[in-house]
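Q: Sharing a structure, written as structure tokens. Questions coming.
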Amino acid sequence: MSKQADVRTIGFIGAGNMPRSIIGGMIRGGYPADKVWASNRSRPKLDALHSDFGIQVTQDNHELVAACDVIVLSVKPQIMQEVCADLKAHSPDITKKLVTTVAAGVPIAKYHAYLGNETRVIRIMPNTPSLVGEGVSGLCADTSVTEADRSYITQVFDYVGLTIWLEEESSIDVLGAVAGSGPAYFFEFMDGLQKAAEALGFDATTARAMVQQTALGAAKMATESELSLEELRKQVTSKGGSTAKGIEAYQEHKLNEISDQAVRAAVARNQEMAKLF
Ligand SMILES: NC(=O)c1ccc[n+]([C@@H]2O[C@H](COP(=O)([O-])OP(=O)(O)OC[C@H]3O[C@@H](n4cnc5c(N)ncnc54)[C@H](OP(=O)(O)O)[C@@H]3O)[C@@H](O)[C@H]2O)c1
């Protein structure tokens, strides 16, 4: 049985990696496969989705819109306008559906311009760990979206991780700079630790294994604890001990300032890119 109380028919237009992960999470979570659709330009990804998850598939976006209450636009941002123009021309009913989008950088106002002002739009920014069920999705809705719509879409994205509703659409740029880009920051940091272990005699496989397990363990401790991150850090840093020496080196090089600069730089780039659409 689905853990989801409100089971609407939902369809993903564009069947790349992100929709595949969300669909996989939904089906594993018990969402009925006959209530999930995907459409795609070419056939192979659709065949794989049908055989792996038993969902409904079509190469015709209009067939999908006719069959679904909720649409998730999952094509690349560069072709969003063209895809929406075609939907508006040949599936005018789209204005009565809940339209959600995972495309990076395209503001809600653009969907209203492409599809009509009356369309209920939710913009979602998932991050790549959604591919392994541990994602963060930032969600932002226009004022016509109902509480029931919000609750429905929260449950859908909860299948692939944590959902965070944002009051201001501009916050999506910040969430993108922290959670969207964040995995790359962590990989960079982990790579540095791995290389340090290798420089001191560890082979690459063992160095990587110990770094990634330590990252996983630290993230799990942080997730399960009510203590602040600073407090957790203090708990593994005995005065005068070796960890204190390591932390001192990070503080001397102003690690927190570096993080602040990294996030601000990524926010600025997100804002710049949003102007392209
Ligand atoms: N991947 C991520 O981690 C991530 C994170 C946040 C947001 N997003 C957003 O998710 C969206 C998709 O990203 P992705 O990585 O999944 O890209 P992708 O793998 O390139 O998938 C896009 C899919 O859209 C299909 N397509 C192209 N034109 C179409 C049309 N007219 N009608 C129906 N389907 C069409 C493509 O079909 P073909 O198979 O024929 O090429 C392709 O399968 C993007 O807007 C991106 O910004 C992705």
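Q: Can you tell me which of Ala15, Ala48 is out of contact with any Gly (no Cβ under 7 Å at 6 or more places or on another chain) and open to solvent by 10 Å² or more (accessible area, probe 1.4 Å)?
A: Exactly one of Ala15, Ala48 is out of contact with any Gly (no Cβ under 7 Å at 6 or more places or on another chain) and open to solvent by 10 Å² or more (accessible area, probe 1.4 Å), namely Ala48.
Q: Shifting gears a bit: Output the number of residues of region 14-55 satisfying the condition of being touching a residue at least 40 places away in the same chain (Cβ under 8 Å) and either farther than 20 Å from Thr128 by Cα or not assigned by TED's automatic domain parsing to the domain that holds Gly133 (or both).
A: Here the count works out to 1.
Q: Could you check region 98-141 and list, in sequence order, the residues that are out of contact with any Pro (no Cβ under 7 Å at 6 or more places or on another chain), hydroxyl-bearing (Ser, Thr, Tyr) and open to solvent by 10 Å² or more (accessible area, probe 1.4 Å)?
A: Applying the first criterion (out of contact with any Pro (no Cβ under 7 Å at 6 or more places or on another chain)) to region 98-141 yields 98-101, 107-126, 130-134, 136, 138-141.
Next, from what is left, pick out any that are hydroxyl-bearing (Ser, Thr, Tyr): 100-101, 111, 114, 119, 130.
Hit for region 98-141 is Tyr114, nothing else.
Q: I'd like the full set of residues that are within 10 Å of the ligand (Cβ to nearest atom), open to solvent by less than 80 Å² (accessible area, probe 1.4 Å) and outside any strand (DSSP E or B), limited to region 51-76.
A: Asp60, Asn61, Leu64, Ser74, Val75 - these are the residues of region 51-76 that are within 10 Å of the ligand (Cβ to nearest atom), open to solvent by less than 80 Å² (accessible area, probe 1.4 Å) and outside any strand (DSSP E or B).
Q: Condition first: under 16 Å from Val102 (Cβ atoms) and assigned to a helix (DSSP H, G or I). Now tell me which residues in region 156-182 satisfy that.
A: Val156, Phe157, Asp158, Ile172, Asp173, Leu175, Gly176, Ala179, Gly180
Q: Turning to a different aspect of this structure: Confirm whether Ser151 is open to solvent by 40 Å² or more (accessible area, probe 1.4 Å) and either touching a residue at least 40 places away in the same chain (Cβ under 8 Å) or of a type in the set (A, V, I, L, M, F, W, C) (or both).
A: The answer is yes for Ser151.
Q: What tally of residues in region 122-154 results from selecting those that are more than 14 Å from the ligand (Cβ to nearest atom) and over 22 Å from Ala177 (Cβ atoms)?
A: Qualifying residue count for the region: 13.
Q: Moving on to the next point. Quick check on region 224-245. Is at least one of its residues in contact (Cβ under 8 Å) with a residue 60 or more places away in the chain, of a type in the set (S, T, N, Q) and either assigned to a helix (DSSP H, G or I) or open to solvent by less than 100 Å² (accessible area, probe 1.4 Å) (or both)? Talk me through it step by step, then tell me what you get.
A: So in region 224-245, the residues in contact (Cβ under 8 Å) with a residue 60 or more places away in the chain come out as none.
No - not one qualifying residue is present in region 224-245.
Q: Oh, and also: If you go through region 155-180 one residue at a time, how many are surrounded by 19 or more Cβ atoms within 10 Å (Cβ to Cβ), of a type outside the set (A, V, I, L, M) and within 20 Å of Ser259 (Cβ to Cβ)?
A: Summing the residues that are surrounded by 19 or more Cβ atoms within 10 Å (Cβ to Cβ), of a type outside the set (A, V, I, L, M) and within 20 Å of Ser259 (Cβ to Cβ) in region 155-180 gives 3.
Q: Inside region 129-142, can you point out the residues that are modelled with pLDDT of 95 or more and out of contact with any Gly (no Cβ under 7 Å at 6 or more places or on another chain)?
A: Listed by number, the residues that qualify are Gly138, Leu139, Cys140, Ala141, Asp142.
Q: If you don't mind, there's one more thing I want to ask. Which of the residues belonging to region 81-99 are among the charged types (D, E, K, R) and more than 22 Å from Ile153 (Cα to Cα)?
A: Glu82, Asp86, Lys88
Q: Scan region 83-97 residue by residue and report those that are in contact with a His (Cβ under 6 Å, 6 or more places away or on another chain) and buried (at least 18 other Cβ atoms within 10 Å of the Cβ). So that I can check it myself, show each step before the final result.
A: Kept after step one, since they are in contact with a His (Cβ under 6 Å, 6 or more places away or on another chain), are these residues of region 83-97: 90-91.
The answer is Ser91, and nothing else.
Q: Another question, if that's okay. Being in a loop (DSSP other than H, G, I, E, B) and more than 8 Å from the ligand (Cβ to nearest atom) is the filter; apply it to region 18-42 and report the residue that is surrounded by the most Cβ atoms within 10 Å (Cβ to Cβ).
A: Only one residue tops the list, namely Tyr31.
The values are calculated or read from the model by the stated rules, or taken from the named source; none is laboratory data. Everything numeric in this text was worked out from a predicted model, so none of it was measured. Neighbour counts are summed over all protein chains in view; Cβ atoms, including those assigned to glycine, are modelled from backbone coordinates with ideal geometry. Heavy atoms of the whole protein, side chains included, go into the accessibility calculation; ligands, DNA and RNA do not. Shrake-Rupley method; radii C 1.70, N 1.55, O 1.52, S 1.80 Å.
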